[in-house]
Amino acid sequence: MVLQYTNQDIIFMIVIKFGGTSVSTAAGIQKIYKIISEAKDKKPVIVVSAVAGITDLLLSAARSSPGQAKKSLSDIKKFHIDFINRLALPAVTKKDVLRYLDTVILEIGKVVRIKGSEKAYTDKIVSFGEILSSYIIAKTLLEKGLPAEQVIATDIIVTDQSFGGAEFLVGETRKKVTKKIKPLLEKGIIPVITGFIGASVDGKVTTLGRGGSDYTAAILGFCLGASEIQIWKDVNGVYTTDPRLVATAKNIPVLSYREASEMAFFGAKVLHPRTIRPAVEAKIPVRVLNTFHPEKTGTLIREKPNIGKPVRIISFKRKTTLVNMYSTEMLFSKGFLARIFAIFAKNNISINLVAVSEVSVSVTLDNDSCLEAAVKELSRFNQVTVKKNMGIVSLIGEGIIASSHTIKKLFGVLDKKGIMIKMISLGATDINISIVIESDQVETAVRTLHKTFF
Ligand code: ADP
Ligand code: ASP
Ligand code: MG
C-alpha cells in the first residue's frame, strides 16, 4: 500500500491513545481524565482499547460453542459491572452505562447464536470490547465535565477484508475521518474513538490485529494531520528490551522512526508493528508515555536518526518457524529465488527473515498454517527441512552495521552460553542484526545480550 500524505485542511490537534491496562481501573480513568483535561486546548482526539483481558474473553467466546460462549459473556458482563461500580458515577449515569452494557451483551449473544463465516464472525465479536470501553469512558469524562462523545470506528476507518489483521484504505478513511471528526473538534467536542476496529467497504466489521489500537491512533493522526500522536501505556516509554523479561531494562528517551518500526516488527509488544508507518509518511512525532506516571518523559519517536551506541534495543520473538531449502540447481540458475518466493506467496505465507547462499535459502515465518502445501511444492526441486520451535533475537540501532565489533561480541557471548545460531540475517534496513536460535534459548540469549550491550 502506498501512503500518500497531503496536508490540506489540517487543523491543530493531537491524538491520545490509552491502552487496555490504562482503561481498566478507576485509578486509571482518573489519570486519563487529568491527562485529557491538561491537553484540552490542543484539541485532543482520544483512542481507547478494550478493558484489559476483554479481547481475550471475546475471542474465546467466538471460538467456542454457543453454549460455552454464554460463560464468557457472563464473565465479560461481570467484569464490566465491577469496573463500572468502581467508577463512582452518579446514579443516573451509572444506570445509563449499565443499560448500554446490557444491550451490547444481548447483541453479542445474538451474533454468537447466528455464528457466521469464521474470520468475519470473530472480528464482529471482538469489536464489542472497544465499543464498550469507549462508551464507559466517554460517559465518565462527560460526567466529570469534559465534552466527550463516543465514536465507533466502523463509521470512519475503512479497511480491506483481511479479517483479523485488516489494512486501512487511505482515501476512503481520510474522507470519512475528516467528515466526522473535524466538525466535532471545531465544536470543542472530544471524540472518544474505539481503537482496533474498522469496517470493510461493504460494511463488515474488521480488526487491525492484536494490539491494533496503537495503529488506530496512527491512522487517525495521519488522516487529520495531528501535530503529535501520544500512546499512553503502563510503562515509561520504550525500553532497551521487554522489562517483563529483563528487570534492568532502561528507558530510551529518543528513538528514530526506523528503529521503532524495526523493534515493533521484530516482536517488541510495546507498539503494534504497523503504527510507525503513517507517522513517518506524515512526519508526526510519536510519544510513548506512562498513564500512571505522566510526569516521566517517556520515549519520543521521530524522524531524525540517533548517533551513539550501535545497539539501542533488543527485540525478540519466542516462536518462529525456520525453513531451510537446499538445491545445487540454484547455482548459476536464473529465477530460482523468484520461484521459491512465489510458492510462499501463493500459499499466503509471509516471510520474515531471509538468508541466501549459492546453494541454499533459509527463511523464517511467523505463521506456518499453510506450510504443508508449500513444502510439498518446494520439495519438487529442493531438499526442504522445517524447524518449528525456533525464536528470533534482534539487535537494533541506526549504527549497527557499521560496527563489526557488535557482531564479534554477539557471537562471542552466545558461544560462551552454548547457544547455537541457526541463521543470521542483517535485515534489509541495515539497522538490524537478527539471529535465529532454539525457542527455549531466547530468554537466556536476551538476558545475556542485554547485559553485554547495556
Ligand atoms: P497497552 O495495552 O497499553 O497497549 P501493551 O501491553 O500492549 O500496552 O504494551 C505495553 C507492554 O509492552 C509493557 O507492559 C511491556 O511489558 C511490553 N514491552 C515489550 N517490549 C517492550 C519494550 N521494549 N519497551 C517497553 N515495553 C515493552
Ligand atoms: N483490544 C485489542 C487487543 O487486546 C487491541 C488493543 O488493545 O490495542 O489486542
Ligand atoms: Mg497494546
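So the values come out like this:
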item: Links that overshoot a 23 Å alpha carbon limit, given the list Lys119/Lys180; Lys40/Lys179; Lys204/Lys283; result: Lys119/Lys180; Lys204/Lys283
item: For Lys376, net neighbour charge (Lys/Arg +1, Asp/Glu -1) across residues whose Cβ lies under 14 Å away; result: -1
item: For the chain, size of Cβ-based charge dipole, Lys and Arg +1, Asp and Glu -1, in debye; result: 620 debye
item: Only Lys, Arg (+1) and Asp, Glu (-1) charged, at Cβ; region 156-266 dipole about Cα centre in debye; result: 360 debye
item: Per-residue Cβ neighbour rank within 10 angstrom, fewest leading, Met325, Met13; result: Met13, Met325
item: Burial order of peptide ranges 280-289, 409-418 (average beta-carbon count within 10 Å, highest first); result: 280-289, 409-418
item: Rounded Å value of the spacing that divides the Cα centres of region 157-231 and region 270-291; result: 14 Å
item: Region 204-355, relative contact order in percent, only Cα pairs under 8 angstrom and at least six apart counted; result: 26 percent
item: R0 of 51 Å, Cβ-Cβ distance Glu172-Leu245: FRET efficiency to nearest 0.05; result: 0.80
item: Lysines whose Cα lies under 21 Å from that of Lys95, excluding same-chain neighbours fewer than 8 positions away; result: Lys77, Lys78, Lys139, Lys144
item: Length added when fully stretched, Thr328-Ile114, from 0.36 nm per residue minus Cα-Cα; result: 71.7 nm
item: Label-to-label distance, nm, for residues given as Asp440 and Ser404 (7 Å Cα→Cβ offset); result: 3.8 nm
item: Cα→Cβ-extended label distance, 7 Å offset, between Ser350 and Lys319, nm; result: 1.8 nm
item: Contour excess over end-to-end distance, with Cα ends at Thr385 and Asp160 and 0.36 nm allotted per residue; result: 77.6 nm
item: Region 380-394 versus region 49-78: alpha-carbon centroid distance in Å; result: 35 Å
item: Angle in degrees between helix 336-346 and the longest Cα principal axis of the chain, rounded to the nearest 10; result: 30 degrees
item: Only Lys, Arg (+1) and Asp, Glu (-1) charged, at Cβ; region 315-454 dipole about Cα centre in debye; result: 220 debye
item: Nitroxide proxy distance, nm - points 7 Å out along Cα→Cβ at Lys416 and Leu3; result: 4.1 nm
item: Fully extended contour minus Cα-Cα distance, from Ala27 to Ala88, at 0.36 nm per residue; result: 20.8 nm
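Every number in this text was worked out from the coordinates using simple rules, so none of it is lab data. The model shown is predicted, which means the values in this text are computed figures rather than measured ones. Methodologically, a virtual Cβ is constructed for each residue, glycine included, from the backbone with ideal geometry; neighbour enumeration extends over all protein chains shown.
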